[in-house]
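**Q** Below are the structure tokens for one structure; questions will follow.
The values are calculated or read from the model by the stated rules, or taken from the named source; none is laboratory data. These figures come from a predicted structure and were not determined experimentally. In this analysis, Cβ positions are derived from the backbone assuming ideal geometry, glycine residues included, and neighbour counts consider all displayed protein chains. Surface areas here come from the heavy atoms of the whole protein model, side chains and all, with no ligands, DNA or RNA. Shrake-Rupley method; radii C 1.70, N 1.55, O 1.52, S 1.80 Å.
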Amino acid sequence: MVGKRFTAFGVQFATSPSAMIRDDHSMMVFANHVGWWDPIVAMLLNKAYFPDRTFYAPIDAVALNAYGIFRKLGFYGLELDRFQGAAEFLRTSRDILSGPKASIWITPEGQFADARDHSKPLMPGLAHLAATSERVLFVPLAIEYPFWEEPRPMVLVRFGEAVTFDGMS
């Protein structure tokens, strides 16, 4: 499906993927949210570069109910319109991150935004998980879908340096 919709898939790493992996740490990859394809791209990246990691990603609970197949792919519901939804997100995410072979891929902007627009605030869940989770690598990811000279866009992604916040809680 991706091959039919995109011209190319370009991936760049600040450090090698193997340098970003610690056997005793889970991963949280946080990306900008430029389009509908972001969760599919995340799944493909996880499979290609971190195949020993189990893929998880929060998705709007209404969308998850409409497209139940996403549950089988590792997506879990997120209800941001109520306080309990945020608490459930944190609880579920902490449970997932407690396993060293897990990876959660999130878009903390919470809504689509142009890749060059840095004015959107990030939802506080990412910072809260960073401050309260141990043995988790936090990996920034930039995504863009430029067209350039082709009729179909490319997928361009860049992984930044992984960081850990162990001992902050």
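**Q** Could you list all residues from the range 114-145 that are closer than 16 Å to residue 42 by Cβ and part of a loop (DSSP other than H, G, I, E, B)?
**A** 115, 145 - these are the residues of the range 114-145 that are closer than 16 Å to residue 42 by Cβ and part of a loop (DSSP other than H, G, I, E, B).
**Q** Still on this model: If I filter the range 109-121 for residues that are within 26 Å of residue 53 (Cα to Cα), surrounded by fewer than 14 Cβ atoms within 10 Å (Cβ to Cβ) and free of Cβ contacts under 8 Å to residues at least 12 places away in the same chain, do I get at least one hit?
**A** Within the range 109-121, none of the residues are within 26 Å of residue 53 (Cα to Cα), surrounded by fewer than 14 Cβ atoms within 10 Å (Cβ to Cβ) and free of Cβ contacts under 8 Å to residues at least 12 places away in the same chain.
**Q** Checking residue 91 against (1) open to solvent by less than 70 Å² (accessible area, probe 1.4 Å); (2) of a type outside the set (A, V, I, L, M, F, W, C); (3) over 12 Å from residue 32 (Cβ atoms); (4) not in a loop (DSSP other than H, G, I, E, B), only one condition comes out false. Which one?
**A** With (1) open to solvent by less than 70 Å² (accessible area, probe 1.4 Å); (2) of a type outside the set (A, V, I, L, M, F, W, C); (3) over 12 Å from residue 32 (Cβ atoms); (4) not in a loop (DSSP other than H, G, I, E, B) applied to residue 91, the lone miss is (1).
**Q** Before we move on, is residue 87 of a type in the set (Gly, Ala, Ser) and touching a Lys or Arg at 6+ places or on another chain (Cβ under 7 Å)? Write out each step before concluding.
**A** Values: of a type in the set (Gly, Ala, Ser): yes; touching a Lys or Arg at 6+ places or on another chain (Cβ under 7 Å): no.
When the stated conditions are applied, residue 87 does not pass them.
**Q** Residues that are touching a strand residue (DSSP E or B) at 6+ places or on another chain (Cβ under 8 Å) and open to solvent by 30 Å² or more (accessible area, probe 1.4 Å): list the strands (runs of 3 or more DSSP E) wholly contained in the range 20-80 that include at least 3 such residues. It would help to see each step written out before you state the result.
**A** On the way: elements: 26-31, 54-60, 75-78.
In the range 20-80, the matching strands (runs of 3 or more DSSP E) lie at 54-60.
**Q** Mind checking which residues of the range 133-166 are open to solvent by 60 Å² or more (accessible area, probe 1.4 Å) and either in contact with a Cys (Cβ under 7 Å, 6 or more places away or on another chain) or not acidic (Asp, Glu) (or both)?
**A** Scanning the range 133-166 gives 135, 147, 148, 151, 152, 158, 163, 165.
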